[in-house]
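Below you'll find the structure, written out as structure tokens, and then a few comments.
The values are calculated or read from the model by the stated rules, or taken from the named source; none is laboratory data. Owing to the predicted nature of the structure, the values given are computational and were not obtained by experimental measurement. So basically every Cβ, Gly included, is an ideal-geometry build from the backbone, and we count neighbours across all protein chains shown.
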Amino acid sequence: MTQRAVLLANLGSPDKPETAEVRRYLNQFLMDPYVIQLPWPLRRMIVSLFVLPTRPKASAEAYQSIWWPEGSPLVVLSQQLRDAVQAKTDVPVAMAMRYGQPSIEQQLLKLCENPAITEVLFMPMYPHFADSTVETSIQEARRVIKAHDLNITLQVVQPFYDDPDYINALVESASPHLNEPYDHLIFSYHGLPESHILKRDESGSHCLKQAECCATPHPAHATCYRHQVMRTTAAFAAKAGLEASRYSVAFQSRLGRQKWLGPNTEDRIRELAASGARKLLVICPAFVTDCLETLEEIQIRGQEVFEEAGGEQLTLIPCLNTHPAWVDVLSQWCASDPTD
Ligand SMILES: C=CC1=C(C)c2cc3[nH]c(cc4nc(cc5[nH]c(cc1n2)c(C)c5CCC(=O)O)C(CCC(=O)O)=C4C)c(C)c3C=C
Ligand SMILES: [Fe+2]
Ligand SMILES: [Fe+2]
């Protein structure tokens, strides 16, 4: 008989908010060929010459501004989520990070110490597909299974960007903020270089090549991050009854000189302030757990940008984190067949 364990996988943080630890983390993260999609010599050169000399110090300062006594918010909240899901299911639940600790390798090996475990249900904690998040995590899990000759099958939960249970939980968790007065709601998704989307479109003629590509049905949407975030937005708006004029989509966290998805969140915040918005809401559905990109980039820097441009109050809607509706959804998925 199959005995299942569940592994929740998120991105990861440095061990400490200090320059040396952040440098080690950024090196591991950005040298991943799924993240900077260039041949190794070019990737090595860009990371060594343009990122590692300056970014670790600046990022360490950003991390210091959001760090908790218990550690990185992303890691602490992910651990709390694991504990909450574990309390609602009989199958063993573990939590791992793609970069840093606790690693996918360490957690898979720990789960497999129980010889009864024959199947691991792997849950990448990202609603939308991207090579730099979902694919790299799955490949790392497969690498570990092969390298250690683990006698388990890996089942993978697919991107859940329009899953009704996920959308319901997201709307429920956001509703206290939506019920307060506000001028505009930004759906701010983590950005992605356009090349990552183009590379995944096997037809070579759909994604980002046609007007309204994301609204036109196409097989490439199985891996199109832009299509999937548009679907999340539309499903959320329909469920929450949002008027089209009161919300918009933007993309944050750009890095480097490539062309990234737009519009840029910071530009959108300025535009909205200039057009008279005083109370702004921002929701970040690409993240299920609050992290540097929500707590520092949006809540702290976003507020500064909004105020400088004449706005008054920017409110970050917290991620799903350990919201009971989200914990219920995940604990139901623990017992589900991901191929259904
Ligand atoms: C080429 C660079 C990057 C791509 C592509 C990218 C995609 C991507 N990232 C997330 C989620 C997170 N990213 C986080 C931090 C972060 N991201 C990048 C770069 C790329 N991300 C960097 C360099 C960093 C580190 C911080 C910094 O120096 O700016 C985090 C937060 C981690 C934390 O510790 O809190 C998350 C989460 C997604 C969902 C995504 C593609 C869709
Ligand atoms: Fe990122
Ligand atoms: Fe598209």
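Below, the figures for the structure above:
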quantity	calculated
Complete set of residues in the range 302-318 that are part of a helix (DSSP H, G or I) and either crowded, with 17+ Cβ neighbours inside 10 Å or in contact with a Pro (Cβ under 7 Å, 6 or more places away or on another chain) (or both)	G302, Q303, V305, F306
Per-region count, the range 60-82, residues within 30 Å of L121 (Cα to Cα), in a helix (DSSP H, G or I) and within 11 Å of ligand 1 (Cβ to nearest atom)	6
Residues that are part of a loop (DSSP other than H, G, I, E, B), touching a Pro at 6+ places or on another chain (Cβ under 8 Å) and within 13 Å of ligand 2 (Cβ to nearest atom), drawn from the range 125-134	Y126, H128
Residue in the range 138-145 that is touching a Ser or Thr at 6+ places or on another chain (Cβ under 7 Å), touching a residue at least 24 places away in the same chain (Cβ under 8 Å) and either more than 16 Å from ligand 1 (Cβ to nearest atom) or more than 23 Å from I36 (Cα to Cα) (or both) present	no
One residue from V85, V91, V47 being β-branched (V, I, T), within 12 Å of ligand 1 (Cβ to nearest atom) and assigned by TED's automatic domain parsing to the domain that holds L154	V47
Where a residue in the range 96-111 is more than 16 Å from ligand 3 (Cβ to nearest atom) and its partner, wherever it lies, is hydroxyl-bearing (S, T, Y) and not in a helix (DSSP H, G or I), with Cβ under 6 Å and at least six apart	G100/S13
Unmet criterion (only one of (1) closer than 17 Å to E135 by Cβ; (2) part of a loop (DSSP other than H, G, I, E, B); (3) not basic (K, R)) for L7	(2)
Selection count where residues are among the basic types (K, R) and within 10 Å of ligand 3 (Cβ to nearest atom), scope the range 178-228	2
Residue satisfying all of: in the range 265-276; surrounded by fewer than 18 Cβ atoms within 10 Å (Cβ to Cβ) and in contact (Cβ under 8 Å) with a residue 24 or more places away in the chain; nearest to ligand 3 (Cβ to nearest atom) among these	R270
Residue pairs meeting the criteria (Cβ under 7 Å; at least 6 apart or on separate chains; first outside any helix (DSSP H, G or I), in the range 39-59; second at pLDDT 95 or above)	L52/R23; L52/L26; L52/N27
Residue, surrounded by the most Cβ atoms within 10 Å (Cβ to Cβ), within the range 184-206, restricted to residues that are closer than 19 Å to D267 by Cβ and within 16 Å of ligand 2 (Cβ to nearest atom)	S188
Qualifying positions in the range 207-227 - assigned to a loop (DSSP other than H, G, I, E, B) and surrounded by fewer than 20 Cβ atoms within 10 Å (Cβ to Cβ)	L208, K209, Q210, A211, E212, T216, P217, H218
Identity of the residue in the range 19-65, of a type in the set (F, W, Y) and out of contact with any Gly (no Cβ under 6 Å at 6 or more places or on another chain), that ends up surrounded by the fewest Cβ atoms within 10 Å (Cβ to Cβ)	W40
Qualifying position, being within 23 Å of G71 (Cβ to Cβ), within 22 Å of the chain's Cα centre (by Cα), in a helix (DSSP H, G or I) and not β-branched (V, I, T), among S137, S175	S137
Residues (more than 15 Å from ligand 2 (Cβ to nearest atom), closer than 19 Å to E194 by Cβ and among the charged types (D, E, K, R)) located in the range 236-269	R257, K259, E266, D267, R268
Residue that is nearest to ligand 1 (Cβ to nearest atom) [pool: residues in the range 280-301 that are outside any helix (DSSP H, G or I) and more than 18 Å from the chain's Cα centre (by Cα)]	L281
Of the criteria (1) in a loop (DSSP other than H, G, I, E, B); (2) within 10 Å of ligand 1 (Cβ to nearest atom); (3) over 20 Å from I138 (Cα atoms), which one G100 fails	(3)
Within the range 178-206, tally of residues that are of a type in the set (A, V, I, L, M, F, W, C) and not in a strand (DSSP E or B)	4
Of all residues making up the range 4-29, the number that are within 16 Å of P102 (Cα to Cα) and either among the hydroxyl-bearing types (S, T, Y) or within 16 Å of ligand 3 (Cβ to nearest atom) (or both)	2
